[in-house]
Amino acid sequence: MTNLNDKEVIAESNIPLTASELGFLWAQYMNDTLDICVMDYFKYICKDKDILPLIENSSNIAKNDIRIISEIFIKEKHPIPVGFTDEDVNIDAPRLYSDSFILMYIQKVEVLAMASISMAVGLSARSDVSDFFRKLLISVSELHDKVRKVMLAKGVYVRPPQIPSPDQINFVETQGFLFDFLGKHKRPLTAIEITHLFNNFQTNAMGKAMMMAFAQVCKNEDVKQFLIKGKEIANKHMKKFGSILIDEDISAPMSLDAHVTDSTIAPFSDKLMMFQTTYMIAAGIGNYGMAAGTCQRIDVSATFARLATEIALYAEDGANILIKHGWLEEPPKSVDREKLANQSN
C-alpha cells in the first residue's frame, strides 16, 4: 500500500465537498452563530466566576469554527450562511436564567454537539474537513469535561440512577424478557433502558424550561402559542418517563422550572428562539429513535416510538412558523433536475 505524501494530502482539498461534508459544515456554522449570541447574553448576566470562563470557552470555540468554515466556503465558492447576528441578541435584557441553569445548558448543548460532530467525523472524507471536525470534537469534549467538574463541585450535577451489580452472568430464557403478554408482570428495567428514560427526562426538563422562558418574552403570538404547546408536550413526556422509573422504584430527575426568572423582556429574537427550539426538537426525535431501537422491553420501546411521532408533528408546526416569518434559511440541497428540464422547453 502506497503512503500519501504531503503534496497528495494537500491536493485532496481540491476535491469538491460531498453532500455530507457540506451539510455538516453548514449546520455547524448555523449552530455556532447561535451559540455566540447566547453566550454573549450569558456572559452579561452570569455572576459566578467559575462559570464565566466556560462561557468564554464556548464562545471562542464557536468563533474559531466560523472562521475555518468561512474559509472553506469561500474557497469552494459556496455562499456563507446568514445564521444569527448581533441583531438577534439583546445583552441588556434582564436575567432570564439562573447561573446554575447556564451551567446545565452548556453541559447539555455540548453533549448534543459531541453526538453530531462524531457523525461528521465518521462521514467526512476530505482531510481538511475531517481534521476540522476531529479537532472540534476534542475541543468540545474538553469543554464538557470542565463543565462536568464545575457542576460536580457546585452540587448541581444530577447523576444517573445506580443499580446493584449482578452476582453472576445470566442468559435470557423466555420471551417474557421482551414483554409479558399476559400483563401480570414486567421484568425490571435494564441499565440501558434506565439510561434512556433518565436522559430523555433531563432533555425534556431543559426543553420545557427553555420554552417556558421563551414564551414569557417572545413577541409574535403564533410563536408564543407554539412554545406553550411545546412546554406542555415536554411536561407530559417528563411525567411518562418519570412514572416508568418511579414504578420501578427508581428516582426520576427534578424539573428545571425554578431556574427561570419572571422577566418578560426578550434577550433573543423570535427567530433565534424558534431555531433553538426546533434544534432541541430534532435532537429529541433522534434520542427517541435511538431509545426505541435499543430498549428491549417492548412497552418501553413502543412508548419512545409513539412519543417520537408526536414531537415530529410538533416539529412540522415549528417549520411552518419559520417559513411564515421568513426565518428558515435554506440548507444546501441537490439540483432539481425536473425543474431544469422544464426550463429547457
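Things to note:
- Residue match in the range 269-283 (condition: among the charged types (D, E, K, R), outside any loop (DSSP other than H, G, I, E, B) and loosely packed, with under 14 Cβ neighbours inside 10 Å): no
- A count restricted to the range 236-258 and to residues that are assigned to a helix (DSSP H, G or I), in contact (Cβ under 8 Å) with a residue 12 or more places away in the chain and within 19 Å of Ile311 (Cβ to Cβ) stands at 6.
- Residue check for Glu338: among the acidic types (Asp, Glu), open to solvent by 30 Å² or more (accessible area, probe 1.4 Å) and more than 17 Å from Gly207 (Cβ to Cβ): yes
- Residue, modelled with the highest pLDDT, within the range 180-200, restricted to residues that are surrounded by 11 or more Cβ atoms within 10 Å (Cβ to Cβ) and charged (D, E, K, R): Glu193
- Restricting the first member to the range 165-179 and to residues that are within 14 Å of Gln296 (Cβ to Cβ) and surrounded by 10 or more Cβ atoms within 10 Å (Cβ to Cβ), and the second to residues that are at pLDDT 70 or above and hydrophobic (A, V, I, L, M, F, W, C), the beta-carbon pairs closer than 6 Å and six or more apart or on different chains are Leu178/Ile298; Phe179/Ile298.
- Filtering the range 49-103 to residues that are free of Cβ contacts under 8 Å to residues at least 60 places away in the same chain, within 19 Å of Ala213 (Cβ to Cβ) and either outside any helix (DSSP H, G or I) or of a type in the set (D, E, K, R) (or both) leaves Asp92, Asp99.
- Subset of the range 252-268 (residues that are polar (S, T, N, Q), modelled with pLDDT of 95 or more and open to solvent by 20 Å² or more (accessible area, probe 1.4 Å)): Thr261, Thr264
- Scanning the range 115-137 for residues that are touching a residue at least 60 places away in the same chain (Cβ under 8 Å) and charged (D, E, K, R) yields Arg126, Asp128.
- Among the residues of the range 201-230, those identified as of a type outside the set (A, V, I, L, M) and surrounded by fewer than 20 Cβ atoms within 10 Å (Cβ to Cβ) are Gln216, Lys219, Asn220, Glu221, Asp222, Lys224, Gln225, Lys229.
- Residue that is farthest from Lys236 (Cα to Cα), among those in the range 298-312 that are in contact (Cβ under 8 Å) with a residue 12 or more places away in the chain and open to solvent by 10 Å² or more (accessible area, probe 1.4 Å): Ile298
- Residue check for Lys47: open to solvent by 30 Å² or more (accessible area, probe 1.4 Å), within 21 Å of Ser269 (Cα to Cα) and not acidic (Asp, Glu): no
- Given (1) surrounded by fewer than 19 Cβ atoms within 10 Å (Cβ to Cβ); (2) over 25 Å from Pro267 (Cβ atoms); (3) touching a helix residue (DSSP H, G or I) at 6+ places or on another chain (Cβ under 6 Å); (4) among the β-branched types (Val, Ile, Thr), number of the condition Ile91 does not satisfy: (2)
- Ile69 of a type in the set (A, V, I, L, M), over 30 Å from Asp48 (Cβ atoms), in contact with a Leu (Cβ under 6 Å, 6 or more places away or on another chain) and surrounded by 14 or more Cβ atoms within 10 Å (Cβ to Cβ): yes
- Any hit, the range 74-86, residues being within 19 Å of the chain's Cα centre (by Cα), charged (D, E, K, R) and at pLDDT 95 or above: no
- Residue in the range 202-211 that is touching a strand residue (DSSP E or B) at 6+ places or on another chain (Cβ under 6 Å), modelled with pLDDT of 95 or more and assigned to a helix (DSSP H, G or I) present: yes
- Asp40 out of contact with any His (no Cβ under 7 Å at 6 or more places or on another chain), open to solvent by 30 Å² or more (accessible area, probe 1.4 Å) and either outside any helix (DSSP H, G or I) or among the hydrophobic types (A, V, I, L, M, F, W, C) (or both): no
The values are calculated or read from the model by the stated rules, or taken from the named source; none is laboratory data. Predicted model only: the values in this text are computed from it and were never measured. Cβ sites come from the backbone with ideal geometry, for glycine too, and all protein chains shown count toward neighbours. Heavy atoms of the whole protein, side chains included, go into the accessibility calculation; ligands, DNA and RNA do not. Shrake-Rupley method; radii C 1.70, N 1.55, O 1.52, S 1.80 Å.
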